[in-house]
1. Taking the stretch 248-306, which residues are touching an Asp or Glu at 6+ places or on another chain (Cβ under 7 Å) and not in a loop (DSSP other than H, G, I, E, B)?
2. I need every pair where a residue in the stretch 672-687 that is assigned by TED's automatic domain parsing to the domain that holds Glu707 has its Cβ under 6 Å from the Cβ of a residue that is assigned to a strand (DSSP E or B), sequence separation at least 6 or different chains.
3. Being of a type outside the set (Ser, Thr, Tyr) and either under 30 Å from Gly695 (Cα atoms) or surrounded by 19 or more Cβ atoms within 10 Å (Cβ to Cβ) (or both) narrows it down to one of Asp631, Asp648, so name that one.
4. Mind checking which residues of the stretch 309-356 are of a type in the set (Lys, Arg) and within 21 Å of the chain's Cα centre (by Cα)?
5. When you look at Thr154, is it touching a Leu at 6+ places or on another chain (Cβ under 7 Å), in contact (Cβ under 8 Å) with a residue 12 or more places away in the chain and among the polar types (S, T, N, Q), yes or no?
6. Got at least one residue in the stretch 205-216 being on the phi > 0 side of the Ramachandran plot and in contact (Cβ under 8 Å) with a residue 24 or more places away in the chain?
7. Would you pick out the residues in the stretch 316-344 that are surrounded by 14 or more Cβ atoms within 10 Å (Cβ to Cβ) and among the β-branched types (Val, Ile, Thr)?
8. If you take the residues in the stretch 507-537 that are among the acidic types (Asp, Glu) and at pLDDT 90 or above, which one is nearest to Pro474 (Cα to Cα)?
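The values are calculated or read from the model by the stated rules, or taken from the named source; none is laboratory data. Just so we're clear, the structure is a prediction, and the values are computed from it rather than from any experiment. Cβ atoms come from the backbone with ideal geometry, glycine included; neighbour counts cover every protein chain shown.
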Amino acid sequence: MSELPQKDVVDLSEDEARAELERLAAAIAAADVAYHQQDRPEISDAAYDALKRRNDAIEQAFPELVRIDSPSGRVGAAPAEGFAKVRHGVPMLSLANAFEDDDVTDFVARARKFFMQDILRDPDFALAFTAEPKIDGLSASLRYEDGVFVRGATRGDGTEGEDITENLKTIGDIPHRLKGSGWPAVIEIRGEVYMTHAEFRRLKEHSAKYGGQDYVNPRNTAAGSLRQKDPRITASRNLNFFAYAWGIAEDADGNSTPPAETQTEVVQKFKEWGFVTNPLMIKTQSAEELLAHYRQIEAQRATLGYDIDGVVYKLDRLDLQQRWGFVARAPRWAIAHKFPAEQATTILTGIDIQVGRTGALTPVARLQPVTVGGVVVENATLHNEDYIKGIGNNGEPIRNGVDLRVGDTVIVQRAGDVIPQIVDVVLDKRPEDAQPFVFPHICPACGSEAVRELNEKTGKLDSVRRCTGEMICPAQAVENLKHFVARDALDIDGLGDKQVAQFYAEGRIARPADIFTLKARDERAIKKLKDADGFGPVSVKKLFDAIDARREPELDRFIYALGIRHVGETTAAVLAKEFGTIENFRDTAIAAAHHEDGHSVFPEIGGIGETVRSSVMAFFANERNVQALDDLLAEVKPQPYVVTISADSVVAGKTVVFTGSLERMTRTEAKAMAERLGAKVAGSVSGATDILVAGPGAGSKLKKAEELGVEVISEDEWFERVSK
């Protein structure tokens, strides 16, 4: 790519930008195929990153030129030809991250709070946790049937991975037949494929000797080795495997059969069955000992002979893991404590303000490029205007109260090896003419006033300044459209961030409803989309087909896609389950929004607090939002939310209220149990209540239930009833 023009982006003409984007797209696509499919990278990581940065910069300057095959809308390369897809029986979830000691202490404290009833009830009850190194490799899932290895897959997107069975069979640490006895009829053993430092050095030296490719690092090399079409190549790489988790575990009749009762015992079983497990795994009961083990592993990091990037903590008892449960994409009962990020010193060359879909004005640091942890960093998050001033969210000083100024020499780190952050300022190198940064009070996208809202509960100003322009603000409109079509929302294939920005700039779409009328309007238009730069008849047909395929979305996805502030995926699912249809949700929210006491109209819902309820009502109080929704509903028909209920549940369809001090379960567990059985859990007693489960100390709810003739049972009677 040395022939590419390196004029500053601002100096490029439109024709030059178009030509360079074409060349960049071809070069990046070739590099992706060489790296991800062929395991033969042709350029260095730094050179590849430079190409991507150049491409992104040109696209930002010329959004109307973004190509349909833009590298910025693609992650890696398609699976290599010949690898079938495998759907995991149990999703391979990610883990929440901890970066500070306090995060680990909080993790243990949350566990003790959740299981407090057990702790108070049983003096011998104790929570134990495991701690083990977090291997920096490639996750794999191995399926065994009657002890025989039958299929192996990559993690993929967590739901679906690539079938790499034959390649995994070449790894000596993976038994073709389980040793010993006692394994379930079907079990998915999960762990990490990795390459040792010694093997990596051997491979690099051998490759250099014979003029082969230059391998980047052990992790990427292991990943590329597993995706070889020829298993003999994989075998020559001498990969290793640590087993530490499992997915499906079933007996011959398909019933769930956990391998043991605790995490520690399961890993010991793995060892007995012929797997290699990590010798640094321990079990303990205190946060202090977890942190001490973390420091011990960190001290050994350079001598282990393989890459790790942290320590994973897990609740030991499997039954308690199930009770504590999951959040949207991760278990509550496990957390990854990452090692401190690498740091580097550079110059803060500018501070830009970006406007998000909720109107938040977010400052971004522009940095003199610097390599941090093997990645070239040019930008860093600055969070909000207080952060720039040296003030944290709690009002306490950060960076010793030192503010950030353009021209400052700053220390940058990649938090969790992902998000670049400025952690300190080298004051003795501050230029004499450096001026404090003045945060704008006017939205840079639309010119509307930008304000910091007052929190009525705390009496404090919100840390984020927001544009008040709402739907007249182009930045908010574009970000809302991006959110609407995102993977976790409507998930419209072929309509990514760049296409949304392009269509908005061209006047093709302005609101979500416009997406679903795009095809009809294009048929009437003189200038067809298929004739636009970067498009063609085939790509346009695929896009229109993808849009039509989402005209009957799942209700929870649809509610999430609306972009209501504070309504994430999990909250959207709770709302969908509560209201059942979009009509019920819409009508109730509008009625509450226009009522003098909206909170008396909008129902109390478990798991949804006053902040979310107020946000929902504020959204529906805006007539433009309601009109935009109604226009959208003229084009799409969200599916009613249906809960799968056990056929023999005796409480299915009944409304249950829990009150008093429950002794056999926490309130959270009680709610989850009732909902699994198909019951609806309410927070207050009314004429619609069918059952009140009353524990010791039941007060006004019990009295009201007796007045209304609602059936009242004890906690023990509840268990007797649902276990029949």
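1. Correct list: Ile248, Ser256, Thr262, Gln263, Thr264, Lys283, Leu291.
2. Correct list of pairs: Ala674/Val656; Ala674/Val681; Ala679/Val656; Lys680/Thr655; Val681/Val656; Ala682/Thr655; Ala682/Val657; Val685/Val657.
3. Step by step, each of Asp631, Asp648 is checked, and only Asp648 is of a type outside the set (Ser, Thr, Tyr) and either under 30 Å from Gly695 (Cα atoms) or surrounded by 19 or more Cβ atoms within 10 Å (Cβ to Cβ) (or both).
4. Matches in the stretch 309-356: Lys314, Arg329, Arg332, Lys338.
5. Yes.
6. no
7. Within the stretch 316-344, Ile335 is the sole residue that qualifies.
8. That would be Asp514.
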